[in-house]
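Comments concern the structure below.
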């Protein structure tokens, strides 16, 4: 064969250099170009074929790099260093579930588009194509971190509670204690339309509330995003999932109950629409002073004094069915129908801490007031409603409330 030599029965092109580039590529030199020094001294015969292969690790880049377990929210990125990507598959090694991803327009980069799972292994298979169409393949395995525990958040207003009153706080409750409150708070975002200044307040390591500086503006739309999945909440606890809820704030229904006048004025968006005679808690069981927010309403419940320590056989014990009930504190305070105290309503305070109304007024109140609406109580002779008592959020002045944030 003209211009060729044969070594061990294999023809080798003496003056041809073939370069295959895959990523940074595979370079194979067969013989040598004219003018280059031989690989061996003269007289040693014709040089054999020399092969230099660039590793797949250099041809195809996979991020994050290294062997450390990664956060499951960290995207997996596969990149062809010089060539283009032909295919990329990322699979959960245990379940076989494919991880979704997107390839860049120039086909050089693939990026995962969904979070991974905790404590899982993922096999990555990537094939890159060079300019001459020759493939190079790379396979790697990544693992994700395993939390000591996972904290699941629940939200109030809950899913399906589409409308609330102007006093409704946002509540996030965790089923596992959060020790890094700042990390958790940074993952919580509230968007209000129209915009209103607001802040978080930690009631405990498992509960944090959000409220605006003053009551929500009627007609506001509010969205809370709890982007907690993958967030390190301290002591090996990570967020279990993300949660999002949107609610609307309806008209401003505010009831002002005055223990001095024994009346309750009802305001709709600032306009007085009704005045009712009431009876608040007696001197022995005074109603808490301050703003209360309705957290529950039931057409009928059994009220049992034993729930707050006055049990059967003790003075003041009662257990009876009560109608048209709207809870305003976890301490057993309700606005409800009280036909037995109609004679005292407007004259004296005789209840066990509730706001007593006549059956007709209780029905009107029940028909117009609901979750998140406000009952402001003054001159009751009682202490202020504690901030931690269900929705005692409005008891605190704005600077005090802001001080309850882990970011202030």
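Quick note: the coordinates plus some simple rules give every number you see, no bench work behind them. What you see is a predicted model, and the numbers here were worked out from it, not measured in a lab. FYI the Cβ positions are ideal-geometry reconstructions off the backbone, even for glycines, and counts take in every protein chain you see.
Using r as the Cβ-Cβ distance of residue 388 and residue 221, and R0 as 30 Å, what FRET efficiency do you calculate, to the nearest 0.05?
The computed FRET efficiency comes out at 0.60.
Can you give the percent of C-alpha pairs in segment 150-249 whose distance is more than 17 Å?
46 percent
For 104, 95, what's the fewest-to-most ordering of other Cβ within 10 Å of each Cβ?
So the ranking, lowest neighbour count to highest, is 95, 104.
Take the Cα radius of gyration of segment 253-391 and divide it by 2.2 N^0.38 Å, with N its residue count; two decimals is plenty.
Compared with the compact-globule rule of thumb, segment 253-391 sits at 0.96.
Please give the calculated 222 nm ellipticity per residue for the chain, where each DSSP H segment of at least 4 residues contributes -39500 (n - 2.57) and the sum is spread over every residue; nearest 500 deg cm²/dmol?
Rounded to the nearest 500, the figure is -1500 deg cm²/dmol.
What percent of all Cα-Cα pairs in segment 57-143 falls into each 10 Å bin, going from 0 up to the bin containing the maximum distance?
With a bin width of 10 Å, the distribution comes to 18, 53, 25, 4, 0.
Of 288, 250, how do they rank once you tally other Cβ atoms within 10 Å and put the fewest first?
So the residues, fewest neighbours to most, are 250, 288.
Can you pull the semi-axes for segment 164-205, root of five times each eigenvalue of the Cα gyration tensor, sorted largest first, whole Å?
22, 13, 8
Pull out the extension gain between residue 204 and residue 74, defined as 0.36 nm times the separation in residues minus the alpha carbon to alpha carbon distance; nm, one decimal.
Between residue 204 and residue 74, full extension yields an extra 43.8 nm.
Please work out how much length the chain gains when fully extended from residue 57 to residue 104, using 0.36 nm per residue of separation minus the C-alpha to C-alpha distance, in nm with one decimal.
My answer for the length gained is 14.9 nm.
For residue 244 paired with residue 271, estimate the spin-label separation in nm (one decimal), with each label point 7 Å from Cα along the Cα-to-Cβ line.
3.7 nm
Using only the alpha-carbon atoms, how far is helix 359-368 inclined from the longest principal axis of the chain? Give it as 0 to 90 degrees, nearest 10.
20 degrees
How many nm separate the modelled label positions at residue 189 and residue 408, each set 7 Å beyond the Cα in the direction of the Cβ?
The answer from the label model is 2.2 nm.
Tell me the label-point distance for the pair residue 298, residue 139, using the 7 Å Cα-to-Cβ offset, in nm and rounded to one decimal.
Each label point is offset 7 Å from its Cα along the Cβ direction, giving 6.1 nm.
If you average 1/r over every pair of different alpha-carbon atoms in the chain and take one over that average, what Kirkwood value in Å do you get?
About 27.0 Å, per the Kirkwood formula over Cα pairs.
Mind checking the full-extension length gain between residue 95 and residue 148? Use 0.36 nm per residue of separation minus the Cα-Cα distance, one decimal, nm.
Length gained, residue 95 through residue 148: 16.9 nm.
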